[in-house]
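Reviewing the structure listed below.
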Amino acid sequence: MKDAKVRLYVDHPLGAGQSVPLDRDQAHYLFGVMRLTVGSSVLLFNGRDGEWRADVASAGKRAGELVCSEMTKPLHMPPDLWLVFAPIKKARTDFIVEKAAEMGAARIVPMQTEFTNSERVRQDRLQAHAVEAAEQCGGTFVPEVSDLQKFDRLLADWPADRRIMFCDEAEVGQATLDLASEGADSAGPWAIFIGPEGGFSDTERARLTSMKGTTTVSLGPRILRADTAAVAAMTLWQKTLGDWA
Ligand code: SAH
């Protein structure tokens, strides 16, 4: 059996003997770009059933069929961490979504704040970036990317048990996230909040710090760009409370 090098996300159930039909884009990618033929193997995941080896049963220009043979990895869920961030320029927003998926976010939430320049995001494009990141990093889970949410609405509907790691540039040089001071109730759902280039407004800062489960943290002695801050915050959280331990 040839080694499967291609990893593909499919929105289809996976299991032993399960047939997986391919759409036009997938057939083009596997047979046109990657030059796979009948009998070649690929690795499939759908975010729910783990990773499966599958063999090409038929290969056409516009369609094809794969058949699952064996599970190669069980489903590995990330910790229950949301990354909430204010979208910035397109390429940097794409970067944030890609890195969040690689680093193990369970959900990615673009948020419109007072000083956010972009009024809308292409949710489908961002979701595709999360899928690609999962394909590339060997993940078996794909975080959902939400539509753009307004800051006020998001906090008005905030789940009571989800704690907030509020990354506040005004805290520069103060304490970072400290497991010891979080205590025993630190496990469970969390969300990281990263502001836009213009930072959070005073009203937003007050709203965030008034929430019961908020921990305000600094990301060191320098002000980071939002994309750097997102990666730094996830690293800190994963190492302190997540699955990097
Ligand atoms: N224009 C703002 C900086 C915004 S940086 C200013 O000059 O004050 C974008 C976001 O990254 C911030 O809203 C915050 O969430 C995060 N961030 C950047 N550097 C940080 C730091 N040192 N500590 C905590 N959060 C930081």
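Coordinate-derived values only; no laboratory data. Keep in mind that what you see is a predicted model, and the values were worked out from it rather than measured. As a convention, Cβ positions derive from the backbone with ideal geometry for all residues, glycine included, and neighbour counts pool all protein chains shown.
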* Asked: So, in the range 105-119, of the ones that are polar (S, T, N, Q) and surrounded by 15 or more Cβ atoms within 10 Å (Cβ to Cβ), which residue ends up nearest to the chain's Cα centre (by Cα)?
  -> Q112
* To do: State yes or no: is E98 in contact with a strand residue (DSSP E or B) (Cβ under 6 Å, 6 or more places away or on another chain), closer than 25 Å to L22 by Cα and either surrounded by fewer than 21 Cβ atoms within 10 Å (Cβ to Cβ) or not charged (D, E, K, R) (or both)?
  => no
* To do: Examine the range 120-130 for a residue that is surrounded by 14 or more Cβ atoms within 10 Å (Cβ to Cβ) and within 10 Å of the ligand (Cβ to nearest atom), and state whether such a residue exists.
  => no
* Given the residues F166, F193, F200, F141, which is the only one that is of a type in the set (F, W, Y), touching a His at 6+ places or on another chain (Cβ under 7 Å), within 23 Å of T240 (Cβ to Cβ) and buried (at least 16 other Cβ atoms within 10 Å of the Cβ)? -> F141
* Would a scan of the range 12-26 turn up a residue that is within 30 Å of I192 (Cβ to Cβ) and out of contact with any Lys or Arg (no Cβ under 9 Å at 6 or more places or on another chain)? -> no
* Structure fact -> Checked the range 194-243 for anything among the hydrophobic types (A, V, I, L, M, F, W, C), more than 10 Å from the ligand (Cβ to nearest atom), touching a residue at least 24 places away in the same chain (Cβ under 8 Å) and more than 17 Å from A175 (Cβ to Cβ); matches are M211, V231, M234
* Does W52 fit the bill of being touching a Gly at 6+ places or on another chain (Cβ under 9 Å), within 20 Å of A134 (Cβ to Cβ) and aromatic (F, W, Y)? -> yes
* To do: Scan the range 160-175 and report the pairs whose first residue is closer than 9 Å to G213 by Cα and assigned to a strand (DSSP E or B) and whose second residue is within 8 Å of the ligand (Cβ to nearest atom) and not β-branched (V, I, T), with Cβ atoms within less than 9 Å and a gap of 6+ or a chain change.
  => I164/F193; M165/F193; M165/A233
* Among the residues of the range 6-45 satisfying the criterion of being β-branched (V, I, T) and more than 21 Å from A133 (Cα to Cα), which is surrounded by the most Cβ atoms within 10 Å (Cβ to Cβ)? -> V20
